[in-house]
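S.K.: Quick one: this structure, given as structure tokens, is what I'll be asking you about.
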Ligand code: GDP
């Protein structure tokens, strides 16, 4: 466990140190809050989440009547951890057999790698996994998924140049027939220009429901933690089209933009207020490296501490 935290800290350090240095002075004054605001914005926390955290922090400082800047750092860690806490939730499989997990994400976000890692994680828990290569447009995507399938020794449903929705339908049907615990559907992250990605993904989702009326049980979006506020824009767009049920945030081992998690947490909170009927969108996992084992469950407290290390 310690290894990944170090990776996370190393990744966030650039920002972390700039946030941490805000608290090395002797006074809690407007200058401190201004510096902190700048540091949070630098970490891609975004204007709204930064304002939220600053307001919350001022309230905590007032309540505790502290005069020590070093103690304010601890209060900020509390504020960040509290904001991020609702994002912490385990991915539960086993309520449906198979549990059908659709995975989306723009090319390069780390989707295929994350599916490989997730396959390993689920297999290690004793679940049988079937992969569906529904990104039929890119031969490379199919091949890469095949490599992950081999490394994890799991079966894969793949069809050269086939229809993505048809491949997904076949995979869910095969998953049921073969008694698999999980079917992971890898979708395209970009299409030939004349086609609309969101329409394609919606079609896959609809067809998966035709194969199994309760499916998909999870619709995950993989985002690159390195892309900061752009990642939040992707979350909004994919959620509008697909109604997401969870996120995987990758590349947190090499980023100074970890603050985006706070922006996502605020978005998730407002989403639940506006649409209490929708399932929440937790961060099921974070990616902290390129290897199969570099997938970790998200911990709000640990993340807050790493951000301020
Ligand atoms: P896809 O196009 O979304 O399927 O992206 P890939 O899974 O092919 O990943 C794109 C690149 O990001 C590859 O070089 C991966 O090794 C790398 N990558 C994926 N996840 C992580 C991560 O958590 N940390 C790091 N450092 N690299 C990652």
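The values are calculated or read from the model by the stated rules, or taken from the named source; none is laboratory data. Every value quoted in this text rests on a predicted model; they were computed, and no experiment measured them. Cβ: placed from backbone, ideal geometry, glycine included. Neighbour counts: every protein chain shown.
S.K.: Of everything in segment 153-175, what is without any contact (Cβ under 8 Å) to a residue 40 or more places away in the chain and within 16 Å of the ligand (Cβ to nearest atom)? Give them in sequence order.
M.R.: The answer is 156, 158.
S.K.: Continuing with this model, one more query. Given the conditions (1) away from the ligand (no atom under 16 Å from the Cβ); (2) farther than 30 Å from residue 202 by Cα; (3) touching a helix residue (DSSP H, G or I) at 6+ places or on another chain (Cβ under 7 Å), report the number of the one that residue 12 does not fulfil.
M.R.: Unmet for residue 12, out of (1) away from the ligand (no atom under 16 Å from the Cβ); (2) farther than 30 Å from residue 202 by Cα; (3) touching a helix residue (DSSP H, G or I) at 6+ places or on another chain (Cβ under 7 Å): (1).
S.K.: To continue, here is another question. Which of the residues belonging to segment 266-284 are crowded, with 23+ Cβ neighbours inside 10 Å and within 17 Å of residue 227 (Cβ to Cβ)?
M.R.: Of segment 266-284, the ones crowded, with 23+ Cβ neighbours inside 10 Å are 281, 283-284.
Within segment 266-284, just 283 meets the criteria.
S.K.: With 256, 188 as the choices, which residue is within 16 Å of the ligand (Cβ to nearest atom) and surrounded by fewer than 23 Cβ atoms within 10 Å (Cβ to Cβ)? Step through it out loud before you land on a result.
M.R.: On the way: 188 fails: surrounded by fewer than 23 Cβ atoms within 10 Å (Cβ to Cβ).
256 is the lone residue from the list that is within 16 Å of the ligand (Cβ to nearest atom) and surrounded by fewer than 23 Cβ atoms within 10 Å (Cβ to Cβ).
S.K.: Moving to a separate point now. Among (1) assigned to a helix (DSSP H, G or I); (2) more than 16 Å from the ligand (Cβ to nearest atom); (3) surrounded by fewer than 22 Cβ atoms within 10 Å (Cβ to Cβ), there is one condition residue 179 misses while meeting the rest; what is its number?
M.R.: (1)
S.K.: A further question follows. Spot the failing condition for residue 271; the list is (1) within 16 Å of the ligand (Cβ to nearest atom); (2) modelled with pLDDT of 95 or more, and only one is missed.
M.R.: Going through the list (1) within 16 Å of the ligand (Cβ to nearest atom); (2) modelled with pLDDT of 95 or more, residue 271 breaks only (1).
S.K.: Now for a different question. Among the residues that make up segment 96-105, is at least one of them more than 22 Å from the chain's Cα centre (by Cα), at pLDDT below 95 and away from the ligand (no atom under 12 Å from the Cβ)? So that I can check it myself, show each step before the final result.
M.R.: Pass one, segment 96-105, residues more than 22 Å from the chain's Cα centre (by Cα): 96-98.
If we keep only those that are at pLDDT below 95 as well, we get none.
Looking for residues that are more than 22 Å from the chain's Cα centre (by Cα), at pLDDT below 95 and away from the ligand (no atom under 12 Å from the Cβ), one finds none in segment 96-105, hence no.
S.K.: Turning to a different aspect of this structure: Which members of segment 223-241 meet the condition of being within 16 Å of the ligand (Cβ to nearest atom) and either closer than 19 Å to residue 137 by Cα or free of Cβ contacts under 8 Å to residues at least 24 places away in the same chain (or both)? Can you show your working first?
M.R.: Filtering segment 223-241 for residues within 16 Å of the ligand (Cβ to nearest atom) gives 223-228, 230-231, 234-235, 237-238.
Result: 230, single match.
S.K.: Considering each residue of segment 191-206, count those that are surrounded by fewer than 20 Cβ atoms within 10 Å (Cβ to Cβ) and either within 28 Å of residue 90 (Cβ to Cβ) or touching a strand residue (DSSP E or B) at 6+ places or on another chain (Cβ under 6 Å) (or both), and give that number.
M.R.: 2
S.K.: Does at least one position in segment 44-67 carry a residue that is closer than 30 Å to residue 292 by Cα and within 16 Å of the ligand (Cβ to nearest atom)? Quick ask: steps written out before the conclusion?
M.R.: Of all residues in segment 44-67, those closer than 30 Å to residue 292 by Cα come to 44-45.
Filter once more, keeping what is within 16 Å of the ligand (Cβ to nearest atom): none.
No, segment 44-67 has no match at all.
S.K.: Could you list, in sequence order, all residues of segment 227-250 that are surrounded by 23 or more Cβ atoms within 10 Å (Cβ to Cβ) and within 22 Å of residue 306 (Cα to Cα)?
M.R.: In the first step, residues of segment 227-250 are kept if they are surrounded by 23 or more Cβ atoms within 10 Å (Cβ to Cβ); the result is 231, 238, 244, 247-250.
Answer for segment 227-250, where residues must be surrounded by 23 or more Cβ atoms within 10 Å (Cβ to Cβ) and within 22 Å of residue 306 (Cα to Cα): 231, 247, 248, 249, 250.
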